[in-house]
Every structure is written in C-alpha cells, then in structure tokens.
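> One structure coming up, written as structure tokens, with questions to follow.
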Amino acid sequence: MRVCGVELSANDANVCLLSLADEVFQIPDCRARKLSLPKNAVAKDLRYFQKSFAQLVQDYKIDKIVIRQRPMKGKFAGGAVGFKLEAALELLDDVEVIVMPPTEIKESLKRNPVHVPMAETGLKMFQETAFNTAFAYLMKDKYDI
C-alpha cells in the first residue's frame, strides 16, 4: 500500500510518500515535496492545485491520502486557505482521502515509534509531520489500533 501523508500549513501542502510492502517501509522518490497556492488564490489556482495533486496520485499510484487534521478554532487553528486545500484534496476522484486527528497520530507513534532518525530518511525537515502522518496511518492500519 502506498500512502501520501499531507500536512497543511498556511498556503502549502507538505507531502511525503510512504509505502509498506512485506513488512518493509519505503520512501519513494517524489518530484514534489510541497504543493502551494498563491496568497490571493482564486478558483483557477485551486483547480490547478487539485489537478496537480491528482496527477501526483496517478503518477505515483497512491492508494490513500492521509491528511493531518487541524483544529477549526483556537491557537493552532487552520486558516481559510488551508481548509480550501483540504476540500480540494477530499474531492479528488479515484483515491481515498482520510483526515487523521493528531491524537490518533500521537497514539500510533507512541505504540510504534519510528526507528530511523529523520536526517537519515532523505526527507526535508518540513516533511517530518507529513511523514509521521503517513507512518502513523500505516501502523494504525496494519496493527488495527
């Protein structure tokens, strides 16, 4: 199974591909580490973002997109553009999209910690949350937490 972990931050969707096959995790190379919307995005920008993400899903044969859920209000609440990005992803055809609460991610990582330092994965630091989201989902799915 190949999943794409997504962290929405401001106008960006930080992504990380992760697959699990025969008990082995792999981080496939991906042409995109981040997909962004311009600050004053209009409908055509959102459609372009959605089309670009759909092409990524098709090209890399992604089975599921797992988005780290953000609070709707409070100190760490997501902005309006972030919720537009989330909606654009949730409306993609031919791929299942899951919004995973941070509490589930934390619980999954607690039960199944990542044993490889982030610096050794070849990912950028801004992709760490997306990686953790994908890893937590695969571990939750595999071990049915």
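The values are calculated or read from the model by the stated rules, or taken from the named source; none is laboratory data. None of the values given here were measured: they were computed from a predicted structure. So basically every Cβ, Gly included, is an ideal-geometry build from the backbone, and we count neighbours across all protein chains shown.
> Test of understanding: among Y48, Y60, which residue is more than 16 Å from C4 (Cα to Cα), among the aromatic types (F, W, Y), in contact with a Leu (Cβ under 9 Å, 6 or more places away or on another chain) and surrounded by 14 or more Cβ atoms within 10 Å (Cβ to Cβ)? Talk me through it step by step, then tell me what you get.
On the way: Y60 fails: more than 16 Å from C4 (Cα to Cα).
Result of the check over Y48, Y60: Y48.
> Now for a separate question. Of the conditions (1) modelled with pLDDT of 95 or more; (2) under 15 Å from A134 (Cβ atoms); (3) not aromatic (F, W, Y), A54 fails just one. Which one is it?
Among (1) modelled with pLDDT of 95 or more; (2) under 15 Å from A134 (Cβ atoms); (3) not aromatic (F, W, Y), the lone unmet condition for A54 is (2).
> Would you be able to say whether some residue in segment 22-41 is part of a helix (DSSP H, G or I) and aromatic (F, W, Y)? First the steps, then the outcome.
Taking segment 22-41 first, the residues part of a helix (DSSP H, G or I) are none.
No, because not a single residue in segment 22-41 is part of a helix (DSSP H, G or I) and aromatic (F, W, Y).
> Let me ask something else. If we keep just the residues of segment 67-112 that are of a type in the set (G, A, S) and touching a residue at least 40 places away in the same chain (Cβ under 8 Å), which is surrounded by the fewest Cβ atoms within 10 Å (Cβ to Cβ)? Don't jump to the end; show me each part of the working.
Taking segment 67-112 and keeping what is of a type in the set (G, A, S), we get 74, 77-80, 82, 87-88, 108.
Next, from what is left, pick out any that are touching a residue at least 40 places away in the same chain (Cβ under 8 Å): 78-79, 82, 88.
Working: G78: 17, G79: 13, G82: 19, A88: 21.
Only one residue fits best here, namely G79.
> When only residues in segment 82-137 that are hydrophobic (A, V, I, L, M, F, W, C) and out of contact with any helix residue (DSSP H, G or I) (no Cβ under 9 Å at 6 or more places or on another chain) count, which is modelled with the lowest pLDDT? Break it down stepwise before answering.
From segment 82-137, those hydrophobic (A, V, I, L, M, F, W, C) are 83, 85, 87-89, 91-92, 95, 97-100, 105, 109, 114, 116, 118-119, 123, 125-126, 130-131, 134-136; that's our starting set.
Now drop any that are not out of contact with any helix residue (DSSP H, G or I) (no Cβ under 9 Å at 6 or more places or on another chain), which leaves 83, 116, 126, 130, 134.
Details: F83: 89, V116: 86, F126: 95, A130: 97, A134: 96.
Out of the qualifying residues, it is V116.
> Which of the residues belonging to segment 23-53 are among the small types (G, A, S) and under 20 Å from Y137 (Cβ atoms)?
A32
> State all residues of segment 120-134 that are in a helix (DSSP H, G or I), out of contact with any strand residue (DSSP E or B) (no Cβ under 6 Å at 6 or more places or on another chain) and not polar (S, T, N, Q); if no residue qualifies, say none.
If we filter segment 120-134 for residues that are in a helix (DSSP H, G or I), which is where we start, we get 120, 125-134.
Add one more test, that the residue is out of contact with any strand residue (DSSP E or B) (no Cβ under 6 Å at 6 or more places or on another chain), and what stays is 120, 125, 128, 132.
E120, M125, E128 - these are the residues of segment 120-134 that are in a helix (DSSP H, G or I), out of contact with any strand residue (DSSP E or B) (no Cβ under 6 Å at 6 or more places or on another chain) and not polar (S, T, N, Q).
> What are the residues in segment 1-40 that are without any contact (Cβ under 8 Å) to a residue 24 or more places away in the chain, crowded, with 17+ Cβ neighbours inside 10 Å and either farther than 30 Å from G79 by Cβ or of a type in the set (S, T, Y) (or both), if any?
Passing the criteria: only S19.
> For segment 90-119, name all the residues that are over 26 Å from F53 (Cα atoms), in contact with a Lys or Arg (Cβ under 9 Å, 6 or more places away or on another chain) and in a loop (DSSP other than H, G, I, E, B).
N112
> Somewhere in segment 67-81, is a residue aliphatic (A, V, I, L, M), in a helix (DSSP H, G or I), out of contact with any Phe, Trp or Tyr (no Cβ under 6 Å at 6 or more places or on another chain) and closer than 21 Å to I27 by Cβ? Reasoning before the result, please.
Quick first cut of segment 67-81, residues aliphatic (A, V, I, L, M) only: 67, 72, 77, 80-81.
After this cut, where a residue has to be in a helix (DSSP H, G or I) as well, the list is 80-81.
This time we only want the ones that are out of contact with any Phe, Trp or Tyr (no Cβ under 6 Å at 6 or more places or on another chain), so: 80-81.
When the remaining residues are screened for being closer than 21 Å to I27 by Cβ, the result is none.
No.
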